[in-house]
Amino acid sequence: TKEALISNLDISEIPEQHYDISLINVNSNLDEDSIHKLNQVIKSLLEERRYKIIVDMSQVNYINSYAIRILTKILKDATKAGVEIRFFGISEYVKDILELLNISMPVTIFKSKEEAISDWMGSSSSV
């Protein structure tokens, strides 16, 4: 299992039986600093040809407006690159914010990491 720690983001691979899914644990609220780190991590996963990413948001209680704009850009760029990003463990406040993004960008939210993985395993489309 590959693991990396980049400041407040913890990135790990989920075992091979789960089709090369990468997991990012966000260990702080999303602000200017942490959203740029998340963006860098996602870009590095793209360079490694990792197209399935799950983001654990269970420790995120707040996301500021700047982070929302950057997150929207991250999601649009990821979609163009054929990457699917899924979120789980989201607080009600952050979930409401992410659901507002659905107007221009679909955001896939699951209750748990296991649900996100199972949905991919049951999906016929794989990148």
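The values are calculated or read from the model by the stated rules, or taken from the named source; none is laboratory data. Source: prediction; values computed, not measured. Cβ placement follows ideal geometry from the backbone for every residue including glycine, while neighbour counts extend to all protein chains displayed. These accessible areas exclude ligands, DNA and RNA; they are computed on the full protein's heavy atoms, side chains included. Shrake-Rupley method; radii C 1.70, N 1.55, O 1.52, S 1.80 Å.
The set of residues from the range 32-72 being acidic (Asp, Glu) and within 21 Å of residue 106 (Cα to Cα) comprises just one member, 56. Just one of the listed residues (117, 53) is in contact with a His (Cβ under 7 Å, 6 or more places away or on another chain) and open to solvent by less than 30 Å² (accessible area, probe 1.4 Å), namely 117. Residues in the range 93-111 that are open to solvent by 50 Å² or more (accessible area, probe 1.4 Å), assigned to a loop (DSSP other than H, G, I, E, B) and modelled with pLDDT under 80: 102, 103, 104, 106.
Here residue 16 fulfils each of the conditions (1) acidic (Asp, Glu); (2) modelled with pLDDT of 90 or more; (3) surrounded by fewer than 18 Cβ atoms within 10 Å (Cβ to Cβ) apart from (2).
Against the criterion of being farther than 18 Å from residue 27 by Cβ, open to solvent by 20 Å² or more (accessible area, probe 1.4 Å) and among the small types (Gly, Ala, Ser), residue 65 qualifies.
Selection of first residues in the range 76-88 that are free of Cβ contacts under 8 Å to residues at least 60 places away in the same chain and open to solvent by 10 Å² or more (accessible area, probe 1.4 Å) and of second residues that are outside any strand (DSSP E or B) and polar (S, T, N, Q), restricted to Cβ pairs under 7 Å at least 6 apart or on distinct chains, gives the following pairs, ordered by first then second residue: 88/112.
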